[in-house]
1. In the structure displayed, which of 127/171; 166/202; 90/187; 80/144; 90/171; 80/127 lie more than 23 Å apart, Cα to Cα?
2. Rounding to the nearest 20 debye, state how big the charge dipole of the range 42-185 is about its Cα centre with +1 on each Lys and Arg Cβ and -1 on each Asp and Glu Cβ.
3. Counting pairs of alpha carbon atoms under 8 Å apart in space and at least six apart in sequence, what relative contact order in percent does the range 42-185 give?
4. Classify the range 42-185: rounded, prolate or oblate, from the alpha-carbon gyration tensor (a ≥ b ≥ c, eigenvalue square roots; a/c under 1.5 rounded; otherwise prolate if a/b is larger than b/c)?
5. Which trypsin sites (Lys or Arg not before Pro) in the range 98-206 pass both tests, a DSSP loop state and at most 12 other beta-carbon atoms within 10 Å?
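No value in this document is a laboratory result; all are computed from the given coordinates. Since we're looking at a predicted model, the values are computed, not measured. All Cβ positions, even for glycine, are placed from backbone atoms using ideal geometry, and neighbour counts span all protein chains on display.
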Amino acid sequence: MLYTHSSCEKNTPKITSNTSHQLIVGMTLIELMVSIGVTSILTTIALPSFNDFIVQLRVDNEISRLSRLLLAARNHAINKECNVIICPLKSDGTCSTDWHEELSVFVDNNNNQIFDSANNELLVATKSPINAGDILKYATNRNKITYQATGHLYGLSNGTLRYCPKEYEEKSRAIVIARSGRFYATKDNNNDGQDETRSNQKIVCD
């Protein structure tokens, strides 16, 4: 008798338990407090430097704008062979000493040191007021800068435009204008963090 043993296994899928555990990512209260503390420390360290950068940028930008205004006035005086005035204009066409206000450059055809729009005197350029609280002064109680047709300043002495940002006096800068009409912006000559003139005078607006 032939005895045969047959073994058959069905290819049936195995049923397994596929229970997934979702990983919940979060922070404990202690971790949150540490993160806030570190952020506060970094902000405290970085904020003064950022403020210094913003103020320095504002000062440099204002010095650049003043330089362009002076250059435009001098070039126009030379090219058109006439007197050109830079000053803070009042509504009646006269100049004031409020250098922090809008500055105007105009041609003074009749040499009366007043902007006469009715006489077709040309307004060459303007510059918007400086940042509120900052100080801009020119020499001592002078209310105008006048360029002659030669490019020289009108008068016998030079002058200095001094710009002092509020609460950051150490970042003050200036533009020194010579009698020849040429000018230069001050720099930190001795690397002490403050600008000086070429004669080593600090920039103050008091």
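1. In this structure, 90/187; 90/171 lie more than 23 Å apart at Cα.
2. Dipole about the Cα centre, nearest 20: 400 debye.
3. Reported relative contact order: 24 percent.
4. prolate
5. Answer in residue order: 166, 198.
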